[in-house]
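Here the structure comes first, spelled out in structure tokens, and everything after it is commentary.
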Amino acid sequence: MASNDEIRRYIRGCHILHFHGIVDAYGHLSYRLSDRLFIMSRYLAPALVSSLADLVVYKIEDGEPLMEDAPNGFSERYIHSEIYKAYPKVKAVVHSHSLDVVPFSISPSTPLRACFHMAGFLGTEVPVWDAATVYREDETMVQSMLVRSTRLGASLAQTLGVAADAEGLPRHPVALMRGHGFVCTGDSIEMVISKSIYTAQNARVQMAAQSLAGGGGHVHFFNEREAADAGRTTIAGAAKPWPLWVAEVELNPLYSLK
Ligand SMILES: [Zn+2]
């Protein structure tokens, strides 16, 4: 099982994602315990997760609970299990329905890309996963856009791509999901939350800039070198905002940690 420190960071992580509008009643954070297991909250809004009793241990192999008497969990936990399976060095995953980001999942002519220095990690291209690629293989599937099977989860995980220079990590830390949201990966809870928050901020900045520019107007994006260098700098400073983010949720009575 996770240590007390890991449990506290997980629960505060859920609260921080809510405080920053990355999740609402839906969306979730998970954390890898080992090469075989990960934790996620039971079926509960992230803001309301408050104790060890709210956590469920899942098997990476099939996304099913380790214990038969586990409380009900999220039907989209296969997003997490399949990403952990495909990328052994991913330690934490966020799934979000952020309204800042969703528009970029349905507008192929205006893809999300890094244009704000805190989000250089997005690079010059953020892949978009389309559930329809799986629906086309089996037209009897329920086409709800939700990732409710290992098959759909594996297809989404594949969209992140394999990193050429960092074994076990995906090439893209973030992928959008058409008409649904996004998934973000990191090598720690702090990192995945940082990247999720700055992905949404980049989306807001880009949306504002493209509105200013108007149709056909020019928006100045980062080139590959700028995105890579800005991304490395953000990663180096990822721990800095964490104490502030924790303090913000500690002072808010909505968020409880027992
Ligand atoms: Zn979802």
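The values are calculated or read from the model by the stated rules, or taken from the named source; none is laboratory data. What you see is a predicted model, and the numbers here were worked out from it, not measured in a lab. Don't worry about glycine lacking a Cβ; one is built from the backbone with ideal geometry, like all the others, and counts go over all protein chains shown. Only protein heavy atoms, including side chains, enter the accessible area calculation; ligands, DNA and RNA are left aside. Shrake-Rupley method; radii C 1.70, N 1.55, O 1.52, S 1.80 Å.
Assorted remarks:
- Taking the stretch 163-197 as the range and being of a type in the set (Gly, Ala, Ser) and in contact (Cβ under 8 Å) with a residue 12 or more places away in the chain as the test, the residues that pass are 166, 168, 175, 179, 181, 186, 188, 194, 196.
- Contact map, the stretch 70-85: first residue open to solvent by 10 Å² or more (accessible area, probe 1.4 Å) and polar (S, T, N, Q), second residue within 11 Å of the ligand (Cβ to nearest atom) and modelled with pLDDT under 95, Cβ cut-off under 9 Å, separation 6 or more or different chains; pairs are 75/146; 75/147; 75/148.
- For the stretch 161-179, the tally of residues that are under 15 Å from the mean Cα position of the chain (by Cα), within 14 Å of the ligand (Cβ to nearest atom) and surrounded by fewer than 22 Cβ atoms within 10 Å (Cβ to Cβ) stands at 1.
- Of all the residues in the stretch 122-132, those that are assigned to a helix (DSSP H, G or I) and at pLDDT below 95 number 1.
- The stretch 137-148 residues that are closer than 16 Å to residue 78 by Cβ, paired with ones that are within 16 Å of the ligand (Cβ to nearest atom) and assigned to a loop (DSSP other than H, G, I, E, B) (beta carbon under 7 Å, 6 or more apart): 145/131; 145/179; 145/180; 146/75; 146/76; 147/76; 148/75; 148/76
- Scanning the stretch 168-187 for residues that are assigned to a strand (DSSP E or B) and of a type outside the set (S, T, N, Q) turns up 170, 174, 175, 176, 177, 181, 182, 183, 184, 186.
- Some residue of the stretch 84-98 being within 24 Å of residue 11 (Cα to Cα) and touching a Lys or Arg at 6+ places or on another chain (Cβ under 6 Å): yes
- Residue 98 in contact (Cβ under 8 Å) with a residue 12 or more places away in the chain, among the hydroxyl-bearing types (Ser, Thr, Tyr), open to solvent by less than 20 Å² (accessible area, probe 1.4 Å) and part of a loop (DSSP other than H, G, I, E, B): yes
- Restricting the stretch 135-160 to residues that are more than 15 Å from the ligand (Cβ to nearest atom) and among the hydrophobic types (A, V, I, L, M, F, W, C) leaves a set whose member that is surrounded by the most Cβ atoms within 10 Å (Cβ to Cβ) is 160.
- Residue in the stretch 220-229 that is open to solvent by 20 Å² or more (accessible area, probe 1.4 Å) and free of Cβ contacts under 8 Å to residues at least 40 places away in the same chain present: yes
- Scan of the stretch 11-38 for residues that are open to solvent by less than 50 Å² (accessible area, probe 1.4 Å), among the aliphatic types (A, V, I, L, M) and either within 16 Å of the ligand (Cβ to nearest atom) or part of a strand (DSSP E or B) (or both), ordered by number: 17, 22, 23, 29, 37
- When restricted to residues that are under 28 Å from residue 168 (Cα atoms) and in a loop (DSSP other than H, G, I, E, B), the stretch 68-84 contains 5.
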